[in-house]
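Heads up: the structure comes next, in structure tokens.
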Amino acid sequence: MRPQEGGNRFRFMGNFRNNDVSIMMERLSQADNGRYWCGVELNIDNFQASIGTRLSVRAASGNGSVVRGTKGASVTLPCLFTPSDPTNLTTVTWMRKEPYQHVVTFRAQSNGSWTTVNGGNRYELIGNPKEGNASTRIKQLSVKDNHTYLCLVEYKPRLNYQYLIQTETCLQLVHVAEAFPVAILCIPLGVKLLALFVICITLYRDKTRKEQN
């Protein structure tokens, strides 16, 4: 579906079968601040959402985070934010960027837990959104996971609109050969010295045996 107005900054991201007519707005500016309302025109009648969306554009704090992983392993995509109303958090949604594609959605339950309502079992919410952490783990990485991801945190305060917080993370897959030097650097110095000591003792013993023979 293409927008008739507004140019190419808007993309339809919803699903009519699920009563979802969400859109994605790109290249935000301060002029986009304000409240937005959704209206749907059908052959039988016109409908308007009872809850609007409040958009607050803030200055970018950086270019987003970058995480690296290897094929077949697991990696955590960070999603840290400041929850202004943690008691009314409703959903955490991850999407791929350019082209935009839905990945997984987690929804808050009345007992305080979060369940996966749309997405495979490769994704696990490991953070606590009510504490400002919606970090998610991806299991069994493959080449197709090499992408830029958007974390969308939605909450509905008591006022008649909803908020949406967005963070961005770039996932880069590296070959095992590239990851090996990084793994070596992560080994504690004491373990490295112990391994070096064992190697020296082994070489010394081999040299002594050769001289005795």
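The values are calculated or read from the model by the stated rules, or taken from the named source; none is laboratory data. All values derive from a computational prediction rather than experimental measurement. Cβ: placed from backbone, ideal geometry, glycine included. Neighbour counts: every protein chain shown. For the accessible areas, the whole protein counts, side chains as well, though only heavy atoms, and no ligand, DNA or RNA atoms are used. Shrake-Rupley method; radii C 1.70, N 1.55, O 1.52, S 1.80 Å.
Think of each Lys and Arg Cβ as +1 and each Asp and Glu Cβ as -1; about the Cα centre, that makes the dipole of the range 84-160 roughly 140 debye. Ordered by 1.4 Å accessible area with all protein chains kept, HIS147, HIS102, HIS175 run largest first as HIS175, HIS102, HIS147. Count Lys and Arg as plus one, Asp and Glu as minus one, and take only other residues whose Cβ is under 14 Å from that of THR116; the net charge is then +3.
Provide VAL66, VAL103, VAL40, VAL143 ordered by accessible surface of protein heavy atoms (probe 1.4 Å), highest first. Don't skip to the end; give the middle numbers.
Numbers: VAL66 75, VAL103 15, VAL40 40, VAL143 105 Å².
Per-residue accessible area, sorted high to low, gives VAL143, VAL66, VAL40, VAL103.
Between the amide H of VAL104 and those of TRP94, distances stay under 5 Å, these residues lying 5 or more places away or on another chain, with hydrogens modeled in the peptide plane.
Measuring with a 1.4 angstrom probe and ignoring ligands and nucleic acids, GLU168 comes out at about 70 Å² accessible.
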